[in-house]
Amino acid sequence: MGASSFRRAASITASILAVMAAFPALAKDVNLHLTAKEVNLPIDNKGTMQASWTYEGQTPGPLLRITEGDRVNITLTNDPNNKNSHSIDLHAARVDVVKDFESIKPGETKTFSFIANYPGAFYYHCGADPMYQHIARGMFGMILVDPKDAKALPKADREYVLVQSEVYNNPDDTHSIMKSDWKHVVFNGVAFKYDPVHDAAATKMLVAKPGERVRVYFVNAGPNEFSSFHPIAGIWDAVYPSGNPKNKQSGLQSFVVGPGDGATFDLISPVAGANVIVDHAMPHAHTGAMAVIMFSDDADPAMGRGENILVR
């Protein structure tokens, strides 16, 4: 191939790639399957255990990640070893609450479908009666709907999922839940899970390099408390209420997320050192809702990427 032919072929290839990039990703069918499991899980870094109701034996449940426009077929199985009925309510779905979000008994399975019409960081949880008890026992997670236009959000260098919730001394005492008489307010199920500064038993932190755009997908599972979400020693470069790119706000010190709601937060540190992501309501922060994010040039390249978005 001559030089002119090579240049012409390269130009055609570049044009094709440009056209492909201009079009959003094609919608697809996505099949998701979750199993409700009643297990014992730790609620602090010292291994204090509590009887928990979960999706897949985890609190929060698995991160469900799809793309705007996808048709989602979701199947819920209630483990036959469970003692209680369970369900799933996805805030990203527009369906029939009676038919699709109904509870199923142990050993039963149900499937329903929806189209993910809006991008965002959405909440999912059990809606079985009493709903507040199922949430207080840990039966919740995040369904992340990426925008179909890859350029709708600036590219993030790292991503993390934080789900806030309250831990109650005795979730069987539904009166204490209704009064919001909690013991801890936590991120991702465990008090001070990512904060060795306030809890020497903690073994994990979130990490990034100075100058990197860190995207935090946040859901407040509640069931009761509002969160004043703030990065100590930092400023949110951008906040997207409900995680929708069209809702962008810039340069915020804190942003309030109510129970059952979510948002996406971008954080950039120009210097090395630590920020602490907190719920700035002090009783919430000082009982467990703090997460250290360490900015350093030698930050682990695997953290905040791939399977390390929701840090277990």
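Bear in mind these aren't lab numbers, they're just calculated from the coordinates by the rules spelled out. Predicted model, so just to flag it, every value in this text is computed and none were measured. Don't worry about glycine lacking a Cβ; one is built from the backbone with ideal geometry, like all the others, and counts go over all protein chains shown.
Below, the figures for the structure above:
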{"read-out": "All aspartates and glutamates inside 14 Å of residue 204 as judged from Cα atoms, apart from same-chain residues fewer than 8 positions distant", "value": "44, 195, 300"}
{"read-out": "Built amide H within the under 5 Å cut-off of residue 168, gap 5+", "value": "183"}
{"read-out": "Under 12 Å, Cβ to Cβ, from residue 249 - net charge with Lys/Arg +1 and Asp/Glu -1", "value": "0"}
{"read-out": "FRET E, pair residue 51, residue 233, Förster distance 30 Å, beta-carbon r, rounded to 0.05", "value": "0.20"}
{"read-out": "The chain, dipole about Cα centre (Lys/Arg Cβ +1, Asp/Glu Cβ -1), debye to the nearest 20", "value": "960"}
{"read-out": "Antiparallel bridges, percent of DSSP beta bridges restricted to region 158-308 (to nearest 5)", "value": "75"}
{"read-out": "Angle between the chain longest axis and helix 3-22 axis [Cα atoms, degrees, rounded to 10]", "value": "30"}
{"read-out": "Residue-wise HN-Hα coupling along region 212-218, computed from phi with Karplus coefficients 6.51, -1.76, 1.60 (Hz; x: Gly, Pro)", "value": "6, 8, 9, 9, 10, 8, 10"}
{"read-out": "For region 113-186: relative contact order, % (alpha-carbon pairs under 8 angstrom, 6 or more apart)", "value": "29"}
{"read-out": "Other-chain or far-sequence residues with amide H under 5 Å of residue 88's (modelled H)", "value": "127"}
{"read-out": "FRET efficiency estimate (nearest 0.05) - Cβ-Cβ, residue 96 to residue 274, R0 35 angstrom", "value": "0.15"}
{"read-out": "Rotationally averaged projected area of the chain (alpha carbon convex hull; nm²)", "value": "18.8"}
{"read-out": "For region 104-116, 3J(HN,Hα) per residue [Karplus equation, 6.51 cos²θ - 1.76 cosθ + 1.60, θ = phi - 60°, Hz, x = Gly/Pro]", "value": "10, 7, x, x, 8, 9, 9, 10, 9, 10, 7, 9, 7"}
{"read-out": "Bridge type composition, region 29-146 - antiparallel percent by DSSP, nearest 5", "value": "65"}
{"read-out": "Separation of alpha-carbon centers, region 197-226 and region 114-144, rounded to whole Å", "value": "20"}
{"read-out": "From phi via Karplus (6.51, -1.76, 1.60), per-residue ³J(HN,Hα) for region 223-239 in Hz, x at Gly/Pro", "value": "x, 10, 8, 6, 10, 9, 7, 9, x, 4, 6, x, 9, 5, 4, 8, 10"}
